[in-house]
Every structure is written in structure tokens, then in C-alpha cells.
Amino acid sequence: MPPLSYPGLPPVSARVSAVPGRVRILVMRVFWSPSPPKFPDTGQMKGLMKDTAAWFARTSRGRQHVSSKVTPWLRVGGGMVNCGDLYGSVRRAVGAARAHGAATGGFNRYMLVMPQCGTNSQGEKPGRVTWIREKFPHLDVLTHELGHNLGLDHANSLICTADKRRITQGGRCSGQEYGDVWDSMGISTRPYSVGVLKRLGWAGRTATATGSGTWTLRDAEDSGKGLQGLRVKVSGKASYWLELHTTGVAMAKEPGSFAVSGTPGLQIRLDTGKKSLQLLDAAPGNPDATLFYPDPDLVNATLPVGSSFTTPQDVRITLVAQDAATARVQVSFGKRAGAPDAPTLVSAVATGGPYGRESRLVIQPGGSDNGQVVLGYVATRYPGGESTFVADPGGHHTTLTVDYDGKPPQKWSVRAVNQVGSSPESPQLQEHVPAPVVTILAPTPGASVPGPNIHVVVDVQPDALSQSPISSVTVCLEDQTCAYDSQAPWSVDLEATAGPHVVSATASDASGADGVASTPVTVVPAPPTVTITSPANGSTVPAGVPFAVTVTATPNAATDRPVEMVELTIRDASTGDPVDYADDSVAPYSATFTLDLAGTYWIEATAWDQWYQSAPAAVTVTVE
């Protein structure tokens, strides 16, 4: 708002032409409720003014000294009218201060603190009065409103788009008030930008570029003798201010407030000779998702190292190098911008994504952005030619992740994009589908396996590119009989009938990829060996007299599986009906029988091993 005439303050015309070296502020805290607000109390207000004085001393590089006097809480009439009746509120506050015995002369600034308003603050521009109306005022509010007293406008930004993408400058542009989150006249606790400090006479060492050259910048807040700002003059009225910020804190956290952090580095502001400079988005397309106002892209507005911005007047600004303390900037006049150089696609690896498939593309950026910062890459999938844009301001990321529908493998190519256009397409590259490498070590292909147990040994190696660890191995037969192992060394046992089979082993890794191997085998019977040693075949045994049957049983030589039991059965040879039975599980195997009826009988012995493989033997005897 424009300045008004207030009793006790010098006329504003006395200070318009120059920034005062000394600012003396009478801070009047006013209220109209039965009791004063709890915040800010006298100690808090004095502390806030002390911080404000330190802020201006640092920002002005010692060229402005701020002192203050804080009154007690002053009760005024008018109620909430004070929040809108700005002149009347000052008159009431000064009257209340004098009635309280406070001196109101000798000051060149009045500050009214009215937390009961609970709204935005205001300051004369230029002028001598600020109205601090937030419920909980903080340092950034005071430095902002006192900046208006210095004649400063809001610190704004310039937001530009082309082809539905954010760009640095060009296409369709609109200004955003308060959009500079790195300047106290926007929404920030940082000092005023270097171009503004230059107008106030507070800047450190600056330079003006009217021709091509290279400059090394120090931090914009550096108190030394390094170069704090570079003004690139491109026409009679238009300039671009370059300044380096080595901190990522745009808004420091204060009690009851929030912090804003962004990308430190080289910032570019457009100066058209108007009161407000405009911050440009030198790395468009990387917003802070947690910030909703001002524009979230502008907390990360610094020019990426190795990238360029070319003004509409064909003046190219390139950030050649940057370290923790300095930035080396090259300015080239008369250099038109072009599309970026083509990148190289190094590899394409298919992975499982949350909504289908993903491919992880590893690229080698092209040699130059040719005057405008790379906005990102267009990845094109073949067959079909479906393209996806992946934002990557500066083009420095070497890995891109692209979602797509369809079955791998695909072929991919990439192009770099800036606001001028797209690079040539890289050569197409076949997508690699990661899978563990599976080898069935045993049984060997075509082997004859003594049944019914098949012991399968598997070797598994992670995919060479993904290196995803192996999580499990599943081994199956063609009839879906399966066994599972979750820990190396990988081995399982399967039971199969005699005959040909196919053994398949599937290894799964932590990323969900599978590798498969299979081998044919033939399962052959492997029963134990059994022989009836007594009585002999064709022998005669007396009726009604006990006789012993003895058997030898040995494991199969191929399996060496122990004999579990031998069963002995006597059958009537004329009918085949069993007439007696016995079994023995401990060698030597034997049983005693008594046959009372004369006739011919079969004695059968069956040996069983632990896998229920059996072998029979039989002899014939005559009972007389």
C-alpha cells in the first residue's frame, strides 16, 4: 500500500531516494479483547526483533542497522476494525502508547503487532509502517513486510510451458506472485536475491557480462570478496541475474511453521527493469510433491551441472562446474540453441512392475544439450512404436524405469528432449529378461534312475545383470508331483513310477523372475534280492511236525536301501488259498510252520525295502 502521513514519523519523501542506514522501529503490540494474547510476550517479541536486526545486518552486509523498542501490550478501541482500518489502527496505537507513557518520537518505523487479526500482514511500499497481523508472526513475516518499507515488490517467478511440458523460458508463460521461494519477498527465510540487493546498495561483489566469457561465482550470501552475482545483460532493459546458493534450505523451520528444502545450486532470475525480478525454472519437471504453494517445481529450480539455458536473445548460459563453494559459469553471446545430442542405450532389463511390466533402461547421456536443459527422455518400445516420456531435468540420470503393457522381451530406443526438440533416436536394443540360470546336476540327462525315489540336485546362479538373490527352487515331474527347497544347496527327492519321466526345476529370485531347466530320465525298478534257503524246492516235510523256513534278503546293489521286512506266506497249491502267514524284520529272516494236512504247498517269501520296493521268491514242498 502507498505511504500515509503519520504523527511522530518523518515524511516518507525524506527516505524514498535512499535506503536508510539506520532503522529505528517502535513495536506496538495492541489488543482489544479483555486480556492480551499470550503470544508474543515481551521476551518473545524482543527476541524476534533481535533476530530481525541480525538478519538485516547480515543481508545488508552491515550497511543497515536495525534497532527497536517493544511497548507493553496496548489496549485500543475499535475491535476488529483495526485489522482493516490501517491508518486508524496506527493512530489508536500511538495514542495508547503515549497514554501508557511510552515515547513515540525518534523512530523512523512503526510496527503494529495485532495477532487477534489472524490474517496476512501488510507493509507500506515504500513507507514506514508495517502491520503484523498473523496469529503467530515469525522472522520471515517481519523481513518481508520491512522489505516493502524499502520499496520492494513481491519476489515472483516465471512459469513457462510448451508441448504440455514445463520449460525454462518460452512458449506460454505466466508470472506467479510470491513464486520465488528463495527470496524473503517471496516465501522464504533467505535474504533478498542479489539483483534486489544490488538495487538497495547491499550487494557484495557483482559483475556485468555484456560479452562472452567465464566467471566463477561464490555463494550469494558469502561475506568474502568473491563474486556473489553475475548480471548477464541481453538487451537495453532485460538482464539475467545469476547467483549461487550452496544451501538447500529455502524456508527454515520455526515454531509453528514449516520448512521448505530444495536443490542448491545456480539460480537464474529475469530482470526486465520492473520492480520485481522473476525466478526461472532452470530444471523444469522435478517438483517437490509435498509442497502445494507456491509452484512446487521452483524449490528445485537450479540449473543442473553441465546444462545450459539460452535466452530468447541467443545468449547461452552454461553451468560448467560446481562444487561445495563455487560455480563456474560460461556465457556465450550469439549462440542459438538446438536439439540435444543423442544418448546411448546401454542396456534394457525387464522387471515386474506393480501394474504390469517395467523395463529398466540404462543410458549414457549425449555429449551436449546444445543450449537448453534436457527435460527428459522419450523411450520407444518395439514392435508397435509406443513411446513414454520420462522426466529427467538435466538428463543426468543413467537409469530410467518405464511401465508398459505386453510381454517381454521388447526392443527399446531412447531420445533426449529439450524445449527445442528431440535428439536422433538411439539404435534399438533387445530387452534382457532376467532369470536365474538353472542347471540340473543330478540325475544326468537320459539317466536310468533306480526307483521309486529320484534324488534331484540343482545348481542355481543369479541373473548376471539383476543379481537378484535366489529365494526358492521347485522340482516337478510331468504329472505335477513337486518338491520344494528354500535354501542352498538345492536338492529334493521325488517318488515316481517305473518308466520314462521329465524332471523340471524352476528357480525363483527375489524380484519374481523364474529360471527353468529340465531333463529326461527313466525310472527302473530296484527291489531287494530274496532267496528261500530252507526248505529246498521240491522237498518233503512231515505232517504235523514243525519245520523252519529261512530266507536271505539283501539290498539292491544300485540303491543300497535296507531291507525293512520279509513276509512268508504258505498257500495250498491246489487252490492257491493261503493257509499260514508270518513275517520277520530282523535278519536272519525265518519262521516256523506246522502243516497237518497232506498235500502240495507253495512257500512264498517277499522282501520289502524302505521305499516299498519288493521282490518275491517261492518253493514247493510236499506234506506227507
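A few remarks follow.
- Filtered residues of the stretch 200-215 (kept if within 20 Å of Ser235 (Cβ to Cβ) and in a loop (DSSP other than H, G, I, E, B)): Thr210, Gly211, Ser212
- When residues of the stretch 1-40 are limited to those that are over 23 Å from Pro137 (Cβ atoms) and aliphatic (A, V, I, L, M), the one modelled with the highest pLDDT: Val19
- Condition check for Gly512: within 30 Å of Trp611 (Cα to Cα) and not polar (S, T, N, Q): no
- Meeting the requirement of 2 or more residues that are among the hydroxyl-bearing types (Ser, Thr, Tyr) and on the phi < 0 side of the Ramachandran plot, the strands (runs of 3 or more DSSP E) wholly within the stretch 269-336 are 308-310, 326-333.
- Answer residue from the stretch 395-420, given it is in a loop (DSSP other than H, G, I, E, B) and modelled with pLDDT of 90 or more and is farthest from Asp281 (Cα to Cα) among those: Val420
- If you filter the stretch 351-376 down to residues that are modelled with pLDDT under 95 and either in the same structural domain as Val320 (by TED's automatic domain parsing) or among the charged types (D, E, K, R) (or both), you find that the one that is farthest from the chain's Cα centre (by Cα) is Arg357.
- Look at (1) part of a strand (DSSP E or B); (2) closer than 29 Å to Val433 by Cα; (3) free of Cβ contacts under 8 Å to residues at least 60 places away in the same chain; (4) among the hydrophobic types (A, V, I, L, M, F, W, C) and you find that Ala505 fails only one, number (3).
- Set Arg128, Arg133, Arg98: member being touching a Cys at 6+ places or on another chain (Cβ under 7 Å) and assigned by TED's automatic domain parsing to the domain that holds Val23: Arg133
- Test: residue in the stretch 587-605 that is modelled with pLDDT of 95 or more and closer than 19 Å to Pro525 by Cα: yes
- Residue-level analysis places Arg328 outside the set of residues that are under 20 Å from Asp281 (Cβ atoms), in contact (Cβ under 8 Å) with a residue 40 or more places away in the chain, charged (D, E, K, R) and assigned by TED's automatic domain parsing to the domain that holds Gly248.
- The requirement of being assigned to a strand (DSSP E or B), at pLDDT 95 or above and not assigned by TED's automatic domain parsing to the domain that holds Asp140 is not satisfied by Leu197.
- So Val433, is it within 30 Å of Ser491 (Cβ to Cβ) and β-branched (Val, Ile, Thr): yes
- For the stretch 477-492, a residue qualifies if it is acidic (Asp, Glu) and surrounded by 12 or more Cβ atoms within 10 Å (Cβ to Cβ), and the qualifying residues are Glu478, Asp485.
- Residue match in the stretch 49-72 (condition: outside any loop (DSSP other than H, G, I, E, B) and over 28 Å from Trp202 (Cβ atoms)): no
- Evaluation of Gln313 against (1) closer than 17 Å to Thr168 by Cα; (2) crowded, with 18+ Cβ neighbours inside 10 Å (one fails), failing number: (2)
- Number of positions in the stretch 382-420 that are surrounded by fewer than 17 Cβ atoms within 10 Å (Cβ to Cβ) and on the phi > 0 side of the Ramachandran plot: 3
- Ala558 vs. criteria among the hydrophobic types (A, V, I, L, M, F, W, C), modelled with pLDDT under 95, exposed (fewer than 15 other Cβ atoms within 10 Å of the Cβ) and under 29 Å from Ala496 (Cβ atoms): yes
- Answer residue from the stretch 84-107, given it is crowded, with 18+ Cβ neighbours inside 10 Å and not hydroxyl-bearing (Ser, Thr, Tyr) and is nearest to Leu9 (Cα to Cα) among those: Phe107
- Test for Ala379: is it aliphatic (A, V, I, L, M), over 24 Å from the mean Cα position of the chain (by Cα), outside the structural domain of Thr310 (by TED's automatic domain parsing) and crowded, with 19+ Cβ neighbours inside 10 Å: no
- Residue list for the stretch 564-607, filter: aliphatic (A, V, I, L, M) and either loosely packed, with under 11 Cβ neighbours inside 10 Å or more than 15 Å from Thr533 (Cβ to Cβ) (or both): Met565, Ile570, Ala573, Val579, Ala582, Val586, Leu595, Leu597, Ala598
The values are calculated or read from the model by the stated rules, or taken from the named source; none is laboratory data. For clarity, every value in this text was computed on a predicted model and none was experimentally measured. Please note: Cβ atoms are built from the backbone with ideal geometry, for glycine as well, and neighbour counts cover all protein chains shown.
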